[in-house]
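Scroll down for the structure; my scribbles are underneath it.
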Amino acid sequence: MLWGYALENLIKGILLAKDNENKYINNAGHISWGKKGHDLVWLKNELEYSPKLPEKWDKIPLKYKNVDFYLTAWGVSALWYGKYPFPTGMNGVLDEYKALPSSEALLKRSLRGNRKIILNDLLHTDINRFEKEIYEIIFSDLLNMCDEL
């Protein structure tokens, strides 16, 4: 939950700092992200950011380095886990898929085009090496962007 929340706030802060046209300010003068404010993939795209993955990963198939998959999972986590013990109204999250035993199994399912995630998928899997390293790369990049503002 905290990973997604940290990335969301870092990206939003950078977007606001770079926003010379008040794109994210509504008519009432309040910050507004519309319905996409917790969507880390959308926020990443708004920032026009794409993490550069390490050269040592060049031999790893691209399908296992799916940054948007991890951003989606972290975004769902940040949105719901800190607020509710069980999200009964989460569109696209509670579905017919059974919970999976590992992060790797979840990633494989997402790569088949079945990107829906259920609560147990995220709560009961371990953090794999790629997820941790991708997070560290993104977080570091975003902190560097903050330093450059």
Residues with beta-carbon under 10 Å from that of Gly37, excluding Gly37: net charge, scoring Lys, Arg +1 and Asp, Glu -1? +1
The long-range amide H neighbours of Ile25, using H built 1.01 Å from N in the peptide plane and a cut-off of under 5 Å, are Ser32
Ranked His30, His38, criterion: other C-beta atoms within 10 Å, fewest first: His30, His38
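For Lys12, what is the net charge nearby, where nearby means another residue's Cβ is under 13 Å from its Cβ and Lys, Arg count +1, Asp, Glu -1? Don't jump to the answer; show the numbers that get you there.
Numbers: positive: Lys18, Lys23, Lys36, Lys44; negative: Glu8, Asp19, Asp39, Glu46.
Net local charge, Lys12 excluded: 0.
Throughout, read-outs are computed from the coordinates displayed, never taken from laboratory work. Note that the structure is a prediction, hence the values are computed from the model and not measured. All Cβ positions, glycine included, derive from the backbone under ideal geometry; neighbour counts span all protein chains shown.
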